[in-house]
1. Just name the residue that is farthest from T68 (Cα to Cα) out of those in the range 11-23 that are under 15 Å from the mean Cα position of the chain (by Cα) and open to solvent by less than 60 Å² (accessible area, probe 1.4 Å).
2. Take the range 35-47 and flag every residue that is in contact with a strand residue (DSSP E or B) (Cβ under 7 Å, 6 or more places away or on another chain), closer than 15 Å to P87 by Cβ and not in a strand (DSSP E or B).
3. So which pairs qualify, if the first residue must be in the range 21-33 and closer than 12 Å to Y79 by Cα, the second must be open to solvent by 30 Å² or more (accessible area, probe 1.4 Å) and of a type in the set (A, V, I, L, M, F, W, C), the Cβ gap must be under 6 Å, and the two must be at least 6 apart or on different chains?
4. Out of G42, G26, I need the residue that is at positive phi and open to solvent by 60 Å² or more (accessible area, probe 1.4 Å). Which one?
5. Being modelled with pLDDT of 95 or more, open to solvent by 30 Å² or more (accessible area, probe 1.4 Å), under 16 Å from V119 (Cβ atoms) and of a type in the set (S, T, N, Q): is that true of Q3 here?
6. Given the conditions (1) at pLDDT 95 or above; (2) part of a strand (DSSP E or B); (3) not aromatic (F, W, Y), and given that G16 satisfies all but one, which numbered condition is not satisfied?
7. Would it be correct to say that V5 is touching a helix residue (DSSP H, G or I) at 6+ places or on another chain (Cβ under 7 Å), in contact (Cβ under 8 Å) with a residue 24 or more places away in the chain and in a strand (DSSP E or B)?
8. As an exercise: evaluate N32 against (1) more than 18 Å from Q3 (Cα to Cα); (2) outside any loop (DSSP other than H, G, I, E, B) and give the number of the one condition it does not meet.
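The values are calculated or read from the model by the stated rules, or taken from the named source; none is laboratory data. Remember, predicted model here, so these are calculated numbers, not experimental data. A quick note on method: Cβ atoms are made from the backbone with ideal geometry, for glycine too, and the neighbour counts reach across all protein chains shown. For the accessible areas, the whole protein counts, side chains as well, though only heavy atoms, and no ligand, DNA or RNA atoms are used. Shrake-Rupley method; radii C 1.70, N 1.55, O 1.52, S 1.80 Å.
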Amino acid sequence: QVQLVESGGELVQAGGSLRLSCAASGSIFSINAMGWYRQAPGKQRELVAAFSRRGSTNYADSVKGRFTISRDNAKNTVYLQMNSLKPEDTAVYYCNAEAIQIGKPGARDYWGQGTQVTVSS
């Protein structure tokens, strides 16, 4: 199995910063893509930022210029640096990875349990 564990979510004032981390572990053969999604109450889960299979980065328009995704391939870890946070950034942030498990064919999606980010006005 492949496990994703997020950390770093907390309550922060508007204009503040947070750094989220997501570490992948388990029987990983390779990770093709990895990134962050979020889901606010009453809304659908949406892409925040991610590394594609080719290594390029994609950002939601709403976070461009404020959020930065980075990774440490040696640690199978991806980070999300969030600056200039706004109340509308409040959501549960989920880590996602498209990974191939050792001994199993094909890649599949894995999700973390989520970490709550709350931005107060």
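1. From the range 11-23, those under 15 Å from the mean Cα position of the chain (by Cα) are 18-23; that's our starting set.
The next check asks that each one be open to solvent by less than 60 Å² (accessible area, probe 1.4 Å); those that pass are 18, 20-23.
On the way: L18: 11, L20: 10, S21: 12, C22: 14, A23: 17 Å.
Across the range 11-23, the extreme among qualifying residues is A23.
2. Quick first cut of the range 35-47, residues in contact with a strand residue (DSSP E or B) (Cβ under 7 Å, 6 or more places away or on another chain) only: 35-40, 45-47.
Cutting the leftovers down to closer than 15 Å to P87 by Cβ gives us 38, 40.
Passing the criteria: only A40.
3. A23/V5
4. G42
5. It is false that Q3 is modelled with pLDDT of 95 or more, open to solvent by 30 Å² or more (accessible area, probe 1.4 Å), under 16 Å from V119 (Cβ atoms) and of a type in the set (S, T, N, Q).
6. Going through the list (1) at pLDDT 95 or above; (2) part of a strand (DSSP E or B); (3) not aromatic (F, W, Y), G16 breaks only (2).
7. Spelling it out, it is not the case that V5 is touching a helix residue (DSSP H, G or I) at 6+ places or on another chain (Cβ under 7 Å), in contact (Cβ under 8 Å) with a residue 24 or more places away in the chain and in a strand (DSSP E or B).
8. The failed condition is (1).
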